[in-house]
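The values are calculated or read from the model by the stated rules, or taken from the named source; none is laboratory data. What you see is a predicted model; the values in this text were computed from it and never measured. Neighbour counts run over all protein chains shown; Cβ positions are idealised from the backbone, glycine included.
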């Protein structure tokens, strides 16, 4: 009887184990939630943490939402046809459908490729890093459009090797010309949101990080170097591993060529310093001295991107939330850490954990944020919003690439010229012509707090007086937007409505329509009056911001 009972129990246990293994994929999937479900949790959590003020602002109208999400996701304006179709669509889930459509557009990856190229290159230590600009942008565009997880992208950058004009993932290393302290600091800032470089010369003044911890992080990178590529056909550099002991000690006493990193002696800068073991400052995990470069950096990439490391997910979530909602859980957006205070920290945890559970799926994260009321609220100015965090969306100045693309879309041209990025000329790794000029004039470090990004006189002059824009807004040329509209025999009301749809992605309000039509009808030169209206729209704050 006992034997039979044991057999029955054993059979039952086997059945239970088989059932658990059969359901394992479903159980794992249960940790994943649709973006809309997580969005509801986010809004509820914000209300709980911040009070009723977190949800007091009405949702933006359809025209504002479509322009906002189109600029955020693909960096461009919706067309008049898209605006009209969206407004007339009565589907209850049309906003979610618009997000899906935009995430499937190749311009999605290109837009965010432009963004992260700027994140990397605005903190460059050497102008030669600009050679890598186009390749960095293309790498990100391909990865984002291909659905790569943020963890895979981070791993690629931490472990990168190869020609910087062929391998875009070498961008962070190239931007700092392979100098281990700078590379370590930028990897921590971009992928963890932690500015541990403040502990390079002394213990961090406001965080717990010790000077030794910074140099232990640097100890993961002494065996990489950036070398010129010498093939006679192109000017480039390559990131390579260098595990061998250098034949000669460097003359300056800084031991740059050593396969190990030495923390400088502050009392005797000419001394060799203290040899540092590679230790990850967040966990205390370490590698042995003598570990080869590939092993060092691949192990560090594992530790950076591990789901047990909350700062990896938080840093990316905070950055994307800031770009889309207008204010971050932490600000500045790349200055996080256990000694920093977040706005709505429980809400950030919910979103960061969900992001990690979805395998760091970037498109999923953007769907989730775009589905929240926090994102879809009407916008209020940055100063007004500071007293009620996340109670409204906050207008963002368009980045340089966004302004350029918005102008070409509004004016109905493919490009203002056909210049190619073949050589170094100012910022953006050689972008010449009109786009290069816009990037040099309107560009800003996207990691900066937005109240530190101010409009300038050169920017105003480009929009007001640029010859390429003056030619594009002319009503006397049949190939321009106004020339084409005039040839279609549209009346003044129809032309004004079309210009508003193209420039601001909305129809004019009655008083705006009346003012514009009155100006046209009372002007002896109709062409000049139409140009005045178009010029005014392109120079408006509403055009140069996404609200």
Residues that are surrounded by fewer than 16 Cβ atoms within 10 Å (Cβ to Cβ), at pLDDT 95 or above and assigned to a helix (DSSP H, G or I), drawn from region 484-511: 493, 494, 510, 511
Residue satisfying all of: in region 189-205; part of a helix (DSSP H, G or I) and free of Cβ contacts under 8 Å to residues at least 40 places away in the same chain; surrounded by the most Cβ atoms within 10 Å (Cβ to Cβ) among these: 199
Spans of helices (runs of 4 or more DSSP H) in region 361-407 with at least 2 residues surrounded by 24 or more Cβ atoms within 10 Å (Cβ to Cβ) and modelled with pLDDT under 95: none
Residue 516 vs. criteria in a helix (DSSP H, G or I), over 32 Å from the mean Cα position of the chain (by Cα) and within 25 Å of residue 84 (Cβ to Cβ): yes
Selection count, region 206-232, where residues are farther than 18 Å from residue 159 by Cβ, touching a residue at least 60 places away in the same chain (Cβ under 8 Å) and either surrounded by fewer than 23 Cβ atoms within 10 Å (Cβ to Cβ) or more than 27 Å from the chain's Cα centre (by Cα) (or both): 8
Residue match in region 442-455 (condition: in contact (Cβ under 8 Å) with a residue 60 or more places away in the chain, assigned to a helix (DSSP H, G or I), farther than 16 Å from residue 413 by Cα and under 37 Å from the mean Cα position of the chain (by Cα)): yes
Failed item, numbered, when residue 529 is tested on (1) part of a helix (DSSP H, G or I); (2) free of Cβ contacts under 8 Å to residues at least 24 places away in the same chain; (3) out of contact with any helix residue (DSSP H, G or I) (no Cβ under 6 Å at 6 or more places or on another chain): (3)
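Here's the yes/no breakdown for (1) over 17 Å from the mean Cα position of the chain (by Cα); (2) modelled with pLDDT of 95 or more; (3) outside any loop (DSSP other than H, G, I, E, B):
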| position | (1), (2), (3) |
| --- | --- |
| 315 | no, yes, yes |
| 330 | no, yes, no |
| 349 | yes, yes, yes |
| 353 | yes, yes, yes |
Of residues in region 263-274 being out of contact with any helix residue (DSSP H, G or I) (no Cβ under 8 Å at 6 or more places or on another chain) and surrounded by 14 or more Cβ atoms within 10 Å (Cβ to Cβ), the one modelled with the lowest pLDDT: 272
Candidate set from region 275-285 (those that are surrounded by 12 or more Cβ atoms within 10 Å (Cβ to Cβ) and without any contact (Cβ under 8 Å) to a residue 24 or more places away in the chain); member that is nearest to residue 297 (Cα to Cα): 285
Within region 332-347, tally of residues that are under 23 Å from residue 186 (Cβ atoms) and touching a helix residue (DSSP H, G or I) at 6+ places or on another chain (Cβ under 7 Å): 4
Residue list for region 256-284, restricted to those being more than 29 Å from the chain's Cα centre (by Cα), in a loop (DSSP other than H, G, I, E, B) and under 18 Å from residue 159 (Cα atoms): 259, 260, 278
Test: residue in region 146-161 that is under 29 Å from residue 245 (Cα atoms), assigned to a loop (DSSP other than H, G, I, E, B), touching a strand residue (DSSP E or B) at 6+ places or on another chain (Cβ under 8 Å) and in contact (Cβ under 8 Å) with a residue 12 or more places away in the chain: yes
Output for region 134-176, where each listed residue is out of contact with any helix residue (DSSP H, G or I) (no Cβ under 6 Å at 6 or more places or on another chain) and crowded, with 23+ Cβ neighbours inside 10 Å: 170
Conditions (1) in contact (Cβ under 8 Å) with a residue 60 or more places away in the chain; (2) over 24 Å from residue 390 (Cβ atoms); (3) in contact with a helix residue (DSSP H, G or I) (Cβ under 6 Å, 6 or more places away or on another chain): number failed by residue 127: (3)
Cross-chain or 6+ apart pairs with Cβ under 9 Å, region 51-65 first and surrounded by fewer than 14 Cβ atoms within 10 Å (Cβ to Cβ), then modelled with pLDDT of 95 or more and assigned to a loop (DSSP other than H, G, I, E, B): 58/378; 61/378; 61/506
Subset of region 408-447 [farther than 24 Å from residue 460 by Cβ and modelled with pLDDT under 90]: 414, 418, 420, 421, 422, 423, 424, 429, 430
Selection status of residue 293, within 30 Å of residue 222 (Cα to Cα), assigned by TED's automatic domain parsing to the domain that holds residue 144 and surrounded by fewer than 17 Cβ atoms within 10 Å (Cβ to Cβ): no
